[in-house]
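Below is one structure, written out as structure tokens; the observations come after it.
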Amino acid sequence: MVGRLGLAACLLAGLALPGFLQPAAADPPRRVLSMNLCTDQLAMLLAAPGHLVSVSYLAQDPTASAMAEEAARLPVNHGLAEEIVLMRPDLVLAGGWTASGTIRLLQRLDVPVEVFPVETDIAGIRANIRRMGEVLGREAAAEALLARFDADLARLADAPPAPRPRAALYAVNGYSSGTATLAGQIVALAGFDNVADELGLPTGGVLALETLLLSDPDLLVEGRRYPGHARGQEVLDHPALKALTAGRPAEVMADPDWVCGTPFILRAVAQLRAARLALREAR
């Protein structure tokens, strides 16, 4: 029988061996729930089969989600702590705009929550893809997705001659977005200067219709109209706005490609890049 001193000596010797008595790496989560439209889509792109047990109800809405078809195969949640706890996730994914009260309650109930910041540029998109791979234990899948994203982005890149054409984003309630936003980044990547930046709205804000008309953009990118009556949409049908776009190109934002920082933004970039090339050919 080994005495106490002998046992201590064995343990001390063992500690010097690589990996001996070191804590095992945490297993990746097996039941992942997402309660945010943008984390829904990143998770669907990267999660292992069967690990994603629920996505937000918005993920199944084709007017908002670029992966509505894939989300239709999954149970949905409405971001309520009560329903989330009953689904017994071992990891909850949330976004920077997710209801903070729900997140705090889940944390008090010892439900692990990972909150992803809102992406406003390519660096933010890449960081969230990599982080999603880490929290899901899918690092290799994340690196593969990043490689495809970077390759697709490179194929869209070119150097438009100066001066660059000017574009204006104009959505419900006259809202416009500048370069410090994801939508503004899409405009910049497509090779346009942004009228919102010229007018002091790099982070976005309401752009008066009169100011928009005087800015005389080369391309107007309008917000999408939705069924039903909403007074905020009426500005998009103003006769003066129709006169501005008469005889010149206009595009409509497809929200699924614009709302979230995912590789799907490159479809929006490709759409605007094609519009820029058409403008150049028309001159």
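The values are calculated or read from the model by the stated rules, or taken from the named source; none is laboratory data. All values reported here derive from a predicted model rather than from experimental measurement. Note that we place each Cβ from the backbone using ideal geometry, even for glycine, and neighbour counts take in every protein chain shown.
Points to keep in mind about this one:
- Subset of region 132-176 [assigned to a loop (DSSP other than H, G, I, E, B) and of a type in the set (D, E, K, R)]: Arg138, Asp158, Arg164
- Qualifying residue in region 164-176 (condition: closer than 30 Å to Ala48 by Cα, in contact with a Phe, Trp or Tyr (Cβ under 7 Å, 6 or more places away or on another chain) and assigned by TED's automatic domain parsing to the domain that holds Ala274): no
- From Arg138, Arg130, residue being of a type outside the set (Asp, Glu), touching a helix residue (DSSP H, G or I) at 6+ places or on another chain (Cβ under 6 Å) and more than 28 Å from Met253 (Cβ to Cβ): Arg138
So that you can scan it fast, the table gives a plain yes or no per residue for (1) of a type in the set (S, T, N, Q); (2) outside any helix (DSSP H, G or I); (3) over 21 Å from Asp110 (Cβ atoms); (4) in contact (Cβ under 8 Å) with a residue 12 or more places away in the chain:
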{"residue": "Asp27", "(1), (2), (3), (4)": "no, yes, no, yes"}
{"residue": "Leu42", "(1), (2), (3), (4)": "no, no, yes, yes"}
{"residue": "Leu45", "(1), (2), (3), (4)": "no, no, yes, yes"}
{"residue": "Ser54", "(1), (2), (3), (4)": "yes, yes, no, yes"}
{"residue": "Glu69", "(1), (2), (3), (4)": "no, no, yes, no"}
{"residue": "Arg73", "(1), (2), (3), (4)": "no, yes, yes, no"}
{"residue": "Gly79", "(1), (2), (3), (4)": "no, yes, no, yes"}
{"residue": "Glu83", "(1), (2), (3), (4)": "no, no, no, no"}
{"residue": "Pro89", "(1), (2), (3), (4)": "no, yes, no, yes"}
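- Answer residue from region 108-121, given it is buried (at least 17 other Cβ atoms within 10 Å of the Cβ) and among the hydrophobic types (A, V, I, L, M, F, W, C) and is farthest from Pro202 (Cα to Cα) among those: Val111
- Residue in region 245-266 that is assigned to a strand (DSSP E or B), touching a Gly at 6+ places or on another chain (Cβ under 6 Å) and surrounded by fewer than 18 Cβ atoms within 10 Å (Cβ to Cβ) present: no
- A count restricted to region 48-69 and to residues that are among the hydrophobic types (A, V, I, L, M, F, W, C) and touching a strand residue (DSSP E or B) at 6+ places or on another chain (Cβ under 6 Å) stands at 3.
- Condition met for Ala142 (assigned by TED's automatic domain parsing to the domain that holds Met132 and modelled with pLDDT of 95 or more): yes
- Check on Val92, at pLDDT 95 or above, in contact with a helix residue (DSSP H, G or I) (Cβ under 9 Å, 6 or more places away or on another chain) and surrounded by fewer than 18 Cβ atoms within 10 Å (Cβ to Cβ): no
- Criterion violated by Gly232 - all others in (1) at pLDDT 85 or above; (2) surrounded by fewer than 17 Cβ atoms within 10 Å (Cβ to Cβ) satisfied: (1)
- Within region 177-229, tally of residues that are in a helix (DSSP H, G or I) and within 24 Å of Gly261 (Cβ to Cβ): 11
- Enumeration of residues in region 189-229 that are out of contact with any strand residue (DSSP E or B) (no Cβ under 7 Å at 6 or more places or on another chain), hydrophobic (A, V, I, L, M, F, W, C) and surrounded by 13 or more Cβ atoms within 10 Å (Cβ to Cβ): Leu189, Ala190, Leu199, Leu209, Leu213
- Scanning region 157-181 for residues that are surrounded by fewer than 22 Cβ atoms within 10 Å (Cβ to Cβ), modelled with pLDDT of 95 or more and hydrophobic (A, V, I, L, M, F, W, C) yields a single hit, Ala180.
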